[in-house]
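Trainee: Handing you this structure, nothing more for now.
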Amino acid sequence: MKTKILFVAAIAVCGILLSSETAFAVQGLKVVDIKTFTTKAEIAIIPEDFTGIMRMTAVPMAERKSNIAVTFAGQKDPVIKIYDFKGTELLSWKPISSDFQGELPVSAGDVDGDGVSEIIVTDGPGGTGDIRIFDLTGKMKTSFQANGPDYHLGVETAIGDVTGDGKKEIIVSIIEKDNKEAIKFFDITGKEVAKKISVDLKNTFEPLKVGALDLGTDGVVELLVGNGFGNEPTLKLLQADGTLINTFKTYADNFLGGVFFSIVDSPEMKAIITGAGFSGGPHLKVLDFYGTLRDNGDFFSYGASFAGGINVVTADFDADGIMEIATLPYQPDPQNGRDIYKFIEVDISEQRLYYYENGKQIGKHIVSSGRWDMPTPLGEYRIFQKAPRAFSARYGLYMPYWMSFKPMYGFHELPEWPSGYKEGANHLGVRVSHGCVRLGVGPAKILYNWAPIGTKVFIHN
């Protein structure tokens, strides 16, 4: 059977404006030839007022045609939209409550063996860890929890035949209670079909990105896992039992935006396509399955000044028998074309935070910024990720009402140990953190509910 491909993306609309020129020229979905990197399509699918988070995947369909599906999330009204190759919207639906403000990872494949793909939507950091499985009309077929009802650290998924029985399973990446990353394997009913594995990548804030490939062409998949934001862009190639095959880095050691990737696993070509995570340039690389850069295997999908992170998926999108690479910003360009409707100001010398709307100061709070030897970074930023209860594997504690403005740095309520003990209540107004900006109980929630993803942040002495 031939295959038709759809992309899927999730979006939540916020209140800061982009110029129409920016939205079209930079903020579109782009499709390029996988060998020559020549542009085959540029499609303006991002709303001009959108400042949230986008994720996408290829959804195999009949006849190997290539259409486009994208998820938009981040503040309110999260939605999945499916497009054809020319950018025509074919379908749209809401996969989750409007209350969730995080990103919506998405994957697709035939997980019930009926020859038709399903779309799997999960929660990013702060979400419940639900695995929601939809058919191609947007109707939910089933759902289950990846790690119990109290889990709120996010989920990533992929599809592949892990057991070698000819059926594809749902591969689920989570963070365990012992602060280690783990991969679980489920069938469509939520039954675990293989022993879970642990992965030591010291991922700080979110589950590992995960993908499946058949390295030995034996019909049983191997796993590719990669770090998320706040971490170096490291990839690991593993057997399904957790045995390490190879480790490699895709970008500079000091880059902490993590890495997106897509896998090409066809008779014509076997490759890993990587894209830099948030705060990195739109730099894509084409690697072999062992991490070696292919000849002429890197290019920039957008202008070099773009720093919003870059989603990447591969498929035969125009049904010409040749694979293409599709790219889409993880977030719209943080540099260009925004009116400042809301912004946050932090004065380090005063240890005070001020926030403004429509040019008026509407609130201020006492804070604790970074210690003298671990200072809060100065400069102009914007909020690019939110989670109501983030967990730091590095320090082993929770950071309620987390809002990140730079990889490894964010606003959050006083940190909380697993025992429930709140740290630093008597230290507000003093430089005591490891670089983040701490707020007290109450103010942190107020700021979290007020500031959408995309809110400008100015930090100065």
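Trainee: For N426, indicate whether it is open to solvent by 10 Å² or more (accessible area, probe 1.4 Å), without any contact (Cβ under 8 Å) to a residue 24 or more places away in the chain, closer than 25 Å to F278 by Cβ and not basic (K, R). Even if it seems obvious, please write down each step before you answer.
Mentor: Numbers: open to solvent by 10 Å² or more (accessible area, probe 1.4 Å): yes; without any contact (Cβ under 8 Å) to a residue 24 or more places away in the chain: yes; closer than 25 Å to F278 by Cβ: no; not basic (K, R): yes.
Against the criterion (open to solvent by 10 Å² or more (accessible area, probe 1.4 Å), without any contact (Cβ under 8 Å) to a residue 24 or more places away in the chain, closer than 25 Å to F278 by Cβ and not basic (K, R)), N426 does not qualify.
Trainee: Continuing with this model, one more query. Can you list the strands (runs of 3 or more DSSP E) found entirely within region 68-142 that contain at least 2 residues being under 26 Å from F185 (Cα atoms)? Lay out the reasoning, then the answer.
Mentor: Numbers: elements: 68-73, 79-83, 89-93, 106-109, 118-121, 130-134.
Ranges flagged: 68-73, 106-109, 118-121, 130-134.
Trainee: For residues that are of a type outside the set (G, A, S) and surrounded by 18 or more Cβ atoms within 10 Å (Cβ to Cβ), tally how many sit in region 260-281. Working first, answer last.
Mentor: Just the residues of region 260-281 that are of a type outside the set (G, A, S), to begin with: 260-261, 263-265, 267-270, 272-274, 278.
Adding the requirement that they be surrounded by 18 or more Cβ atoms within 10 Å (Cβ to Cβ) leaves 260-261, 263-265, 272-274, 278.
Of the residues in region 260-281, 9 are of a type outside the set (G, A, S) and surrounded by 18 or more Cβ atoms within 10 Å (Cβ to Cβ).
Trainee: Just to be sure, is K167 under 22 Å from T142 (Cα atoms), open to solvent by 30 Å² or more (accessible area, probe 1.4 Å) and either touching a residue at least 24 places away in the same chain (Cβ under 8 Å) or not in a loop (DSSP other than H, G, I, E, B) (or both)?
Mentor: On the way: under 22 Å from T142 (Cα atoms): yes; open to solvent by 30 Å² or more (accessible area, probe 1.4 Å): yes; either touching a residue at least 24 places away in the same chain (Cβ under 8 Å) or not in a loop (DSSP other than H, G, I, E, B) (or both): yes.
Yes, satisfied.
Trainee: Same structure again: Give me a count of the residues in region 136-162 that are among the hydrophobic types (A, V, I, L, M, F, W, C) and over 18 Å from V116 (Cα atoms). Quick ask: steps written out before the conclusion?
Mentor: To start, the set of residues in region 136-162 that are among the hydrophobic types (A, V, I, L, M, F, W, C) comprises 136, 140, 144, 146, 153, 155, 158-159, 162.
Filter once more, so that each one left must be over 18 Å from V116 (Cα atoms): 144, 146, 153, 155, 162.
Residues that pass the stated criteria total 5.
Trainee: If a residue has to be touching a Leu at 6+ places or on another chain (Cβ under 8 Å), open to solvent by 50 Å² or more (accessible area, probe 1.4 Å) and touching a residue at least 60 places away in the same chain (Cβ under 8 Å) to count, how many in region 341-383 make the cut?
Mentor: Residues meeting the conditions: 2.
Trainee: Does region 107-128 include one or more residues that are in contact with a Phe, Trp or Tyr (Cβ under 9 Å, 6 or more places away or on another chain), farther than 22 Å from S262 by Cβ, open to solvent by 30 Å² or more (accessible area, probe 1.4 Å) and not acidic (D, E)?
Mentor: Yes - at least one qualifying residue is present in region 107-128.
Trainee: Hey, another quick one. Any idea which residue in region 143-153 is nearest to E206 (Cα to Cα), counting only those that are in a loop (DSSP other than H, G, I, E, B) and touching a Ser or Thr at 6+ places or on another chain (Cβ under 8 Å)? Outline the logic, then answer.
Mentor: So in region 143-153, the residues in a loop (DSSP other than H, G, I, E, B) come out as 146-153.
Next, only the ones that are touching a Ser or Thr at 6+ places or on another chain (Cβ under 8 Å) stay: 146, 149, 151-152.
Working: A146: 15, P149: 18, Y151: 12, H152: 10 Å.
The qualifying residue nearest to E206 (Cα to Cα) is H152.
Trainee: Those residues that are hydrophobic (A, V, I, L, M, F, W, C), within 15 Å of V70 (Cα to Cα) and open to solvent by 10 Å² or more (accessible area, probe 1.4 Å), I need them from region 129-142; list them, please. Talk me through it step by step, then tell me what you get.
Mentor: Initial filter on region 129-142 (hydrophobic (A, V, I, L, M, F, W, C)): 131, 133-134, 136, 140.
Right, trim to within 15 Å of V70 (Cα to Cα) and you get 134, 136.
L136, the sole residue that qualifies.
Trainee: Could you look through region 282-338, keep only residues that are β-branched (V, I, T) and modelled with pLDDT of 85 or more, and pick out the one that is surrounded by the fewest Cβ atoms within 10 Å (Cβ to Cβ)? Explain how you work it out, then say what you get.
Mentor: At the first step, the residues of region 282-338 found to be β-branched (V, I, T) are 286, 292, 310, 312-314, 322, 325, 327.
Imposing the further condition that a residue be modelled with pLDDT of 85 or more reduces the set to 286, 292, 310, 312-314, 325, 327.
Values: V286: 22, T292: 10, I310: 28, V312: 23, V313: 31, T314: 23, I325: 26, T327: 24.
This residue is T292.
Trainee: While we're on this one: Could you check, for region 133-148, whether at least one of its residues is within 30 Å of P452 (Cβ to Cβ), touching a residue at least 60 places away in the same chain (Cβ under 8 Å), in contact with a strand residue (DSSP E or B) (Cβ under 8 Å, 6 or more places away or on another chain) and not basic (K, R)?
Mentor: no
Trainee: Give me the pairs: first residue in region 275-287 and of a type in the set (K, R), second residue in a strand (DSSP E or B), beta-carbon distance under 7 Å, and six or more apart or on different chains, which are they?
Mentor: From residues that are of a type in the set (K, R), the pairs are K285/T274; K285/L293; K285/G297; K285/D298.
Trainee: Next question. Mind listing whichever residues of region 216-236 are of a type in the set (A, V, I, L, M, F, W, C), more than 17 Å from K285 (Cα to Cα) and surrounded by 19 or more Cβ atoms within 10 Å (Cβ to Cβ)? Before the answer, list the steps.
Mentor: As a first pass, look at region 216-236 and keep what is of a type in the set (A, V, I, L, M, F, W, C): 220-221, 223-225, 229, 235.
Filter once more, so that each one left must be more than 17 Å from K285 (Cα to Cα): 220-221, 223, 229.
Within region 216-236, V221, L223, F229 meet the criteria.
Trainee: Now, a different point. Among the residues of region 311-327, what is the count of those that are of a type in the set (A, V, I, L, M) and not in a loop (DSSP other than H, G, I, E, B)? Explain how you work it out, then say what you get.
Mentor: Step one: of region 311-327, the residues of a type in the set (A, V, I, L, M) are 312-313, 315, 319, 322-323, 325-326.
Still in the list and also not in a loop (DSSP other than H, G, I, E, B): 312-313, 315, 325-326.
Residues in region 311-327 being of a type in the set (A, V, I, L, M) and not in a loop (DSSP other than H, G, I, E, B): 5 in total.
Trainee: Of (1) over 19 Å from G257 (Cα atoms); (2) buried (at least 17 other Cβ atoms within 10 Å of the Cβ); (3) out of contact with any strand residue (DSSP E or B) (no Cβ under 8 Å at 6 or more places or on another chain), M408 satisfies all except one. Which?
Mentor: (1)
Trainee: Under 6 Å between Cβ atoms, at least 6 apart or on separate chains: pull out the pairs that start in region 33-46 with a residue that is loosely packed, with under 13 Cβ neighbours inside 10 Å and end on any residue that is assigned to a strand (DSSP E or B) and modelled with pLDDT of 85 or more.
Mentor: Hits for this filter: T39/V32.
The values are calculated or read from the model by the stated rules, or taken from the named source; none is laboratory data. The structure presented is a predicted model; accordingly, all values stated were derived computationally and were not measured. Methodologically, a virtual Cβ is constructed for each residue, glycine included, from the backbone with ideal geometry; neighbour enumeration extends over all protein chains shown. Ligands, DNA and RNA are excluded from the accessible area calculation, which covers all protein heavy atoms including side chains. Shrake-Rupley method; radii C 1.70, N 1.55, O 1.52, S 1.80 Å.
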